[in-house]
Amino acid sequence: MKDKHIIDVLDNTSIASLSESELSEIYAHAQECALCREAYEAARLSAMVLQSRARTTIEPSPFFQTRVMAAWREQQAAENVPALLRLWRSSRALVSSMAVTTAALAALTFMLPAQAPLTDQTVSALSADSVIMGQSSDDQVTYDQVLSTIYQDDDDAR
Amino acid sequence: MDLARQAQEGDESAFAEIVRRYSPRVFSVASRFFRQRSLVEEAAQEVFLKAFTQLGSFEGRGSIEGWLTRIAHNTCLNMIRGAKRRPESTVSDLTDDEEQWLEHHSGADGKQQPSVENSVVATDLADRLLSVLSPEDQQALLMIDGEDASIKEVAEATGWSESKVKVRAFRARKKVREAMEKLLNRR
């Protein structure tokens, strides 16, 4: 190993798991190879700080169990609510808005004054001619009036 | 197994006993991910509530502790993924204490351990180095190089295959070593 670079060995295995003989071989090579010496030093320091980090653990506080049990009870209570009630809770906004809309539509339908339906006569009176001529609907004549005028003219002609 | 079954049937005292007995283990896992107590407690609480809802899936093939460890690992990973990733640190971010720590320990005997007084500085340095890794690679490296866990133990705790653990550890170790080399060269 003395003539062989040791960087791959350092990356493959944690320094802590290397045997004494492996370490001494690595150290011997590192003495002669600047590149590997630098890598070994970095690996050694990295292992030191990682071990220090791993030792940093937080212990549970005395209130932790109480806190978890309170959250657990809350969760249990939420699960014990009847299904219909849960359905209502989740959909009540939608149902309420639908009810308001329906009520508003009903009010518009029944409470506003009804408009007179259009008859055939008035429809015909809104002819293209009248629109073009700008006549108001009050000036229009009905079919009956037109027909009676035509027939009256025929009778006069005879 | 009895405790798990009793808790599943709604026995409050059984669930309380599970929390009491396994809190240290769950906190230990969460501490690998977070250093703030509030985050560790939040994660641990979520682990136990999740464990309760998943008690049906625990068939008693392994230990409750192992099962909780895996839930804790996945829960913390999800919390980390959900949080905003912090920007990677640079050498210029080194504090005076960290500079001194590196100065003091460079070229020293390989067996030298950091003193208790300097452990906070060393831990800060570790977090700085770990920030270049993905959360998954951080865990693999911390467990193997930090806690001396075997590949098999890491595989069991995380649910990853052994080859995946090896790849993660190799990649992480290389990145961390390179990051440390940069720190040493720029001093």
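Data overview
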item	result
Filter result (in a helix (DSSP H, G or I) and free of Cβ contacts under 8 Å to residues at least 24 places away in the same chain) within the range A:44-63	A:LEU45, A:SER46, A:MET48, A:VAL49, A:LEU50, A:SER52, A:ARG53, A:ALA54, A:ARG55
Candidates B:GLU17, B:GLU65, filtered to the one that is surrounded by 15 or more Cβ atoms within 10 Å (Cβ to Cβ) and either in contact (Cβ under 8 Å) with a residue 12 or more places away in the chain or not charged (D, E, K, R) (or both)	B:GLU17
Residue in the range A:34-43 that is assigned to a loop (DSSP other than H, G, I, E, B) and within 7 Å of chain B (Cβ to nearest Cβ) present	no
Selected residue [part of a helix (DSSP H, G or I) and free of Cβ contacts under 8 Å to residues at least 12 places away in the same chain] from B:LYS175, B:LYS164	B:LYS164
The listed residue being part of a helix (DSSP H, G or I) and at negative phi, out of B:LEU133, B:LEU129	B:LEU129
Selection from the range B:27-49 of residues that are surrounded by 21 or more Cβ atoms within 10 Å (Cβ to Cβ) and more than 8 Å from chain A (Cβ to nearest Cβ)	B:VAL29, B:ALA43, B:VAL47
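Read-outs throughout are calculated quantities, based only on the coordinates presented, and are distinct from any laboratory measurement. Quick caveat, the model's predicted, so the values are computed rather than measured. Don't worry about glycine lacking a Cβ; one is built from the backbone with ideal geometry, like all the others, and counts go over all protein chains shown.
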